[in-house]
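Taking it in order: structure first as structure tokens, then the write-up.
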Amino acid sequence: MSSRVLCFVSLLLCIFPAIAFAWHLPLTLTHFDANDPSRDPYQILSYLASSSLARAHHLKNPQITATATSDATTTTPLFSHSYGGYSISLSFGTPPQILPFVMDTGSDFVWFPCTHRYVCKNCSFSPSSDQNVTIPSFIPKLSSSSRLVGCRNPKCSWVHHTNKTQCDECRNSLTPQNCTQACPPYFLLYGPGTTAGVALSETLNLGDRTVSNFLVGCSIFSSRQPAGIAGFGRGLPSLPTQLKLHKFSYCLISRRFDDSPSSSTLILDSTSDMDRKTNGLIYTPFIKNPIVRGKEAFQVYYYVGLRKITVGGRRVKVPRKFLSPGKNGNGGTIVDSGSTFTFMAREIFEPLAVEFVKQVKNYSRARDVEVLTGLRPCFDVKDMGKPVELPELRLHFKGGAEIALPLENYFAVVGEGVACLTVVTDGDVGGGKAVVGHSGPAIVLGSFQMQNYYVEYDLRNQRLGLKPQLCI
């Protein structure tokens, strides 16, 4: 793949000249329709479970590789999709080109599919299809503001997550101050997917505001990436950092609206009066990120202090060391909009699952569906014309915040009335072959569990705000 990437990069270099408040955005869900007879609901759940586990593996063992409605507030629609993510539309370039991006709080780089030669393998929106699809691409030669980032530009080090210069050719030059070497290509991993390209300096258009010299990736090769990615993590190249946001917030619409025109709203806020709390929200502080050599991505995540988990009012016995990140970076809880189902380390998941099985007396286990989906426990809930009743799952955070998840946020009903717990753990997908291990966060709170919740990332005051809210 590297030779192909370098080939595309050489072609891309010919396209460019030589190097010499709050916004409201629609948030779209990436959707699956379990009632669509052309789509196997068991296969869809299995896909979402395996992709969630692969995502957890990446977050716990990150490998970021570099190779060859006021002036201060913006909103945008946020849509849901069947591949498990939520997307927004952003406008780059002069004149503007509008493209979809997956909103991802677990990474810190913004990139879009780029040039007419963009290639994406296994990037179908449908979990059941391996066919390549046409994905909208940014065309740099149509934008007068597109510029390649030079290797001496400080933003080049943002891309490669290093303070070292990327200017190999310049160091060997007799006149390094005149060196025009471009920032080396990037190669990024996202669990099951990858992308590669070069860094651009471009204009981001947000309503009436334009942000010049915005660092963005021009990807020319990807795999398993249904759209570009807008990184909302804590790093320097992230969208919140580059826009100098004080907070951002969103409300994730129900997965029932996947791939539909329905959307909720993402709010980007850079107002100055930000010390006050938002009415109706409960807050928990962000936990200090672990600093681990070789695991710099841990500093990008949003860690929160999960104190305990209860099922049906009974406390799940979780080893304390898994609830807080240690000096080695192991343990703790992060919030990740890029994950679909929540991941829990086996030492947390097993007592959780056991507690559900112990308390559920009125439904039998559906072990055949557990094999098909990779999720467990699953219960046969078809019956009787009665509402489905399962034990409440409640999360208790530091600072007194706690949320009682709606039933549809932690159980998915599939097929002929079978309900499966939408939490994944090491080795439960693919015949027990997927092993995540103990490194990194012990719990990754996914977007499925945050449906119909208003979530606020208060960056200025270092806290996460939550409240249940019908998002549409």
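For the reader, a short list of remarks on this structure follows.
- Strands (runs of 3 or more DSSP E) completely within segment 242-290 that count 3 or more residues being within 18 Å of the chain's Cα centre (by Cα): 247-251, 264-269
- Any hit, segment 386-404, residues being of a type in the set (Val, Ile, Thr), open to solvent by less than 10 Å² (accessible area, probe 1.4 Å) and assigned by the TED database to the domain that holds residue 456: yes
- Taken over segment 301-319, the criterion of being open to solvent by less than 10 Å² (accessible area, probe 1.4 Å) and not in a strand (DSSP E or B) is satisfied by 301, 302, 305, 316.
- Unmet requirement for residue 373, which otherwise passes all of (1) over 24 Å from residue 285 (Cβ atoms); (2) out of contact with any Asp or Glu (no Cβ under 8 Å at 6 or more places or on another chain); (3) modelled with pLDDT under 95; (4) open to solvent by 10 Å² or more (accessible area, probe 1.4 Å): (4)
- Residues that are open to solvent by less than 10 Å² (accessible area, probe 1.4 Å) and of a type in the set (Val, Ile, Thr) within segment 178-228 comprise 195, 198, 216, 220, listed in sequence order.
The values are calculated or read from the model by the stated rules, or taken from the named source; none is laboratory data. No experiment lies behind these values; they were computed from the predicted model shown. Glycine also receives a Cβ, built like all others from the backbone with ideal geometry; neighbour counts cover every protein chain displayed. In case anyone asks, the SASA skips ligands and DNA or RNA and just uses the protein heavy atoms, side chains included. Shrake-Rupley method; radii C 1.70, N 1.55, O 1.52, S 1.80 Å.
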